[in-house]
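This report refers to the structure that appears directly beneath it.
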Amino acid sequence: MGVVELRGLRKEFGEVKAVNGVDLSIQKGELVVILGPSGCGKTTLMRMVAGLELPTDGEVLIGDRNVTALPPRARDIAMVFQSYALYPHMTVFDNIAFPLKARKAPKEEMAQKVEWAAGILGIQRLLARKPRQLSGGERQRVALARALVKEPAVMLLDEPLSNLDAKLRVSARDELQQFQRNLGITTIFVTHDQIEAMGLGDRIAVMNAGKVRQVGDPQEIYDDPADTFVATFLGSPPMNLLERNGHLLGFRPESFLPLEVARGDREKVTFPFHLGRVENLGSDRLLYGTVEGAERNRTISKLPSTVEVSVEAGETYDFAVCRADLRYFDKESGLRKEPPPREGG
């Protein structure tokens, strides 16, 4: 049994099935990312773990306790919201100490725990400031410190990086991962950002339409998506999907290369690729076009700038994918299936 067990969780709002039968086990010290688009049910799922929403059906277990009907304060969890929810009239010290004051902790213990949490997150110098005097990244650290002083069994993070600018998000993500690794706190992180999910998670649970579509480590989900939703949601650019010879094929843009540079002894499948336009991104070039003789044929190739090959829009070239990099999906359900018998691509 994991530290957190979700069993058959459902949440309905009238006719809307926001969460529709989720089973998930999260182990001690693990950082699991719940990833999905807006409206997929990920935040509702998080709120049921936190006790802010009661499930229509199913159970939430934390440790060896069934906490499904317990209020948030009895669940041994701490939560950091997207807005950070800091009290503007309080100092950083008082914001961090707030959970301890609420349970009437002794002043000496309160001071020790605030100093400890502030030290871990490197914000000791900010303790006398008010939230309005802090940057976005500093506010995030204050919110994390406030959660940390509770010494929770489980930390719940609801898109805590979404209010930061792009550069700060990268450093904040690194700091958050190091912080979680060092303390070993079991953490559930909700986001719609696939880069955050790939960079942070020990495992990712991909959600869509109230259901978990796949759970696995980041590389596993990227390489072997369980269905066409996961294949096209994870990855930038997403996995290419096209119909050819009666099969629905998938392959990543970086696996789709001009035949003359797709060398090596691996078996390849060749496609005539009509190039529509080229997008230069510095480190890479994205080539947009269509595969001739295929349905659903809009296709992207991702070429590192170090690959010296000359291509022009409007021309058709032979591109190739190693057969081992092809993924096959059922055309009706979208689910992954085994490769067909060898009969060409």
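The values are calculated or read from the model by the stated rules, or taken from the named source; none is laboratory data. Not measured: the values here are computed from a predicted model. Backbone-built Cβ (ideal geometry, glycine too); neighbour counts: all protein chains shown. Accessible surface areas use protein heavy atoms only, side chains included; no ligands, DNA or RNA. Shrake-Rupley method; radii C 1.70, N 1.55, O 1.52, S 1.80 Å.
Percent of C-alpha pairs per 5 Å bin in the stretch 1-84, short distances first: 3, 14, 26, 27, 20, 8, 1, 0. Entry note, the chain: the mean residue ellipticity at 222 nm calculated from DSSP H runs of n ≥ 4, each adding -39500 (n - 2.57), is -7500 deg cm²/dmol after division by the residues and rounding to the nearest 500.
Can you give the net charge of the other residues whose Cβ lies under 11 Å from the Cβ of I96, counting K and R as +1 and D and E as -1? If you can, show how the numbers build up before the last one.
Details: positive: K101, K113, R141, R146, K150; negative: D94, E115.
In short, +3.
Helix 107-121 axis versus longest C-alpha principal axis of the chain: approximately 20°, rounded to the nearest ten. The alpha carbons of the stretch 193-292 give a radius of gyration and a Dmax of 15.3, 45 Å, in that order. Mean silhouette area of the chain, derived from the convex hull of its C-alpha atoms and averaged over all directions, reads 21.2 nm².
Per-residue accessible area for H89 at 1.4 Å probe radius, Å² rounded to 10? We get 130 Å² for H89.
In the context of the full set of protein chains, the chain has a per residue accessible area of 47 Å² (1.4 Å probe). A 1.4 Å probe, protein heavy atoms only, puts the accessible area of R285 near 40 Å². Near T186, once Lys and Arg are set to +1 and Asp and Glu to -1 for all other residues with Cβ below 13 Å from its Cβ, the sum equals -1. Beyond 22 Å in Cα-Cα separation lie the following of the pairs K113/K167; K11/K331; K211/K331; K17/K331; K107/K130; K101/K150: K113/K167; K11/K331; K17/K331. Taking every DSSP bridge with both residues inside the chain, close to 75 percent are antiparallel. Using Cα centres only, tell me the gap between the stretch 222-300 and the stretch 141-214 in whole Å. Measuring centre to centre over Cα atoms gives 31 Å. Dimensions of the stretch 83-234 along the principal axes, based on C-alpha atoms and rounded to the nearest Å, stand at 54, 30, 27, largest first.
Could you check how much of the accessible area of the chain is carbon and sulfur, as a whole percent, using a 1.4 Å probe?
On the way: 7830 of 16300 Å².
The value for the chain is 48 percent carbon and sulfur by accessible area.
Note: relative contact order over the chain, using C-alpha pairs below 8 Å and six or more positions apart, is 16 percent. Figure note: Y288, Y87 ranked by solvent-accessible area, largest first, 1.4 Å probe, ligands and nucleic acids not counted: Y87, Y288. In terms of accessible area, using a 1.4 Å probe and ignoring ligands and nucleic acids, R169, R129, R73 rank largest first as R73, R129, R169.
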